[in-house]
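Here the structure is laid out as structure tokens; the discussion comes afterwards.
The values are calculated or read from the model by the stated rules, or taken from the named source; none is laboratory data. Just so you know, these numbers come straight off a predicted model, no measurement behind them. Cβ placement follows ideal geometry from the backbone for every residue including glycine, while neighbour counts extend to all protein chains displayed. Please note that ligands, DNA and RNA were not included when accessible areas were found on the heavy atoms of the full protein model with its side chains. Shrake-Rupley method; radii C 1.70, N 1.55, O 1.52, S 1.80 Å.
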Amino acid sequence: MKGGLSQHASLRQDLRINPRLYQAMDLLYMPMMDLQQHLKQELMANPFLELLEPEDEERPEETQAEQKEEAQKEDEMDWEEILLNGFDVGGAQSSAFEQREYTEPVSVDQHDLDDHLRDQLDLLDLTPRQRLLAEEFLGALGDDGYVHGTVEESVASANELLAERTAAAEDAGRTAMEVPPFTLAEGEEMLAIFQRLDPPGVGARDLRECILLQLADRGLTHSLSYRLVAEAFADVAAHKWTDLARRFAVEPVEVQAAADQLAKLDPKPGLRYSAQPDGYVIPDLIVDKVDGRYRVTLNDSGVPRLRLSRAYQEVARDKKGMDAEQKEFISTKLNSAQWMIQAIEQRRQTMLKVMNFIVDRQREFFEKGVEHLKPLTLREVADVIDMHESTVSRVTNDKYAQTPRGVFPLKYFFSSGLGTTTGEDASARAIRAKLQKMVAEEDAGDPLTDQQIVHQFQEQGVQIARRTVAKYRDQLGILPARMRKRV
């Protein structure tokens, strides 16, 4: 074999995705609020784009002379000079954009659980030593109000802080006072202080202690509910009403009534003070029923409507005095502006096609409710509107539709199907809704078992396995029949 370098020519085909195709896919993926922000950035970056004012849409088409006269009145600046000096966007376009600038709703600073507890601790007569230990317990509290970790860990952490402060004082040449370390008894005492604060149940180490604290706060330490939790919490969680009745020498009805009282307590008392971000949902599509027919429209009133700037187009036509770099810049920006306008329109048409098909397919849902929701897949929509399945997925992702039955994510209308005796598939979401209705209407003294639910579905022509019923029941948060039984 002879070593060395050589070169040869060959032909091959490569599949390459145009960068603009990536951008078009991103536009399809964007929900309404993201699209608003993206278009505002494009307006500021591309001088060939400008806002289409509402009066321009409503006004009939003007003559060429009227357009020229209006442009001269509106634009009293040397556009050619702006183009030649770096395309600094300003003037009427910039001010129009600023006037239409959307202000994002901002949540005010909320009083979280730590603030709420600190306010109460400030009202107590605590020593500086106790306050230091209290900060350690505040740090160990989760948003749910439970103490995460043991008392020993909080005491050890406070002692480490004491040691660090003593060492820092000695390094600074100051004589530090001899401060004894925190003891476990001090930690237990501080935990007891926390557990007397509002909300009731805060400072608990587990669910059982949380419930006991809330019952004690209501003065129910001698009640049957308190005894059940304190002495037989596992059996209460398992709904063993008969066993508990024998153990506590009461009637099963009394045990169940006590358990109903427990169900009214808050298992996570701290969450009422947690600073949850406000979730704003702006529907991308609106479905209205007009004269017996459903009409789909885009909710794009808040999206800037774009058009090519007439002033910049005039300058672009006359390229005298421009060098090659400036001509290339003009060509790039103009093509980009035209493509952006086309991409936005394509996005609008694609979303309308998808939603119109959904409305046609799910008409019975809009007329009668979720129990009549039909199975639907992305592939079915893609085949009908002649687009790729991934395109449909991007269109429906994080998009919402306002309908006569409420606001739903577009993904809500897609679900797998189960076979029926009639040959038509039933939507899994519709099956879950029917299952929930069956349980709501059952005899509380003799609740339906999973197998009995299977038989009821078979009577309705739906073929479903018992394990599927159990899976749907778990998804809906419905307990097994044994634990739903009332005495």
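Kindly evaluate D217 against the criterion of being at pLDDT below 90, acidic (D, E) and open to solvent by 80 Å² or more (accessible area, probe 1.4 Å).
No.
Which one is modelled with the highest pLDDT, of the residues in segment 274-313 that are open to solvent by less than 50 Å² (accessible area, probe 1.4 Å) and of a type in the set (F, W, Y)?
Only one residue fits best here, namely Y294.
Go through segment 369-421 residue by residue and tally those that are at negative phi, of a type in the set (D, E, K, R) and not in a helix (DSSP H, G or I). Spell out the reasoning first.
Just the residues of segment 369-421 that are at negative phi, to begin with: 370-385, 387-397, 399-405, 407-421.
With the extra rule that they be of a type in the set (D, E, K, R), the set shrinks to 371, 374, 379-380, 383, 389, 394, 399, 405, 411.
Those still in the list that are not in a helix (DSSP H, G or I) too: 374, 399, 405.
Number satisfying all stated conditions: 3.
Checking L207 against (1) of a type in the set (A, V, I, L, M); (2) open to solvent by less than 50 Å² (accessible area, probe 1.4 Å); (3) touching a residue at least 40 places away in the same chain (Cβ under 8 Å), which single condition isn't satisfied?
Against the list (1) of a type in the set (A, V, I, L, M); (2) open to solvent by less than 50 Å² (accessible area, probe 1.4 Å); (3) touching a residue at least 40 places away in the same chain (Cβ under 8 Å), L207 comes up short only on (2).
Quick one: how many residues across segment 391-419 are open to solvent by 50 Å² or more (accessible area, probe 1.4 Å) and either in contact (Cβ under 8 Å) with a residue 40 or more places away in the chain or among the small types (G, A, S) (or both)?
Looking only at that region, the number is 8.
Pull up segment 220-250, narrow it to residues that are in contact with a helix residue (DSSP H, G or I) (Cβ under 6 Å, 6 or more places away or on another chain) and in contact (Cβ under 8 Å) with a residue 60 or more places away in the chain, then point me to the one that is most open to solvent (accessible area, probe 1.4 Å).
T242
If the requirement is being open to solvent by 30 Å² or more (accessible area, probe 1.4 Å) and not charged (D, E, K, R), which of these qualifies: L141, L133, L126, L161?
Numbers: L141 fails: open to solvent by 30 Å² or more (accessible area, probe 1.4 Å); L133 fails: open to solvent by 30 Å² or more (accessible area, probe 1.4 Å); L126 fails: open to solvent by 30 Å² or more (accessible area, probe 1.4 Å).
Residue meeting the stated conditions: L161.
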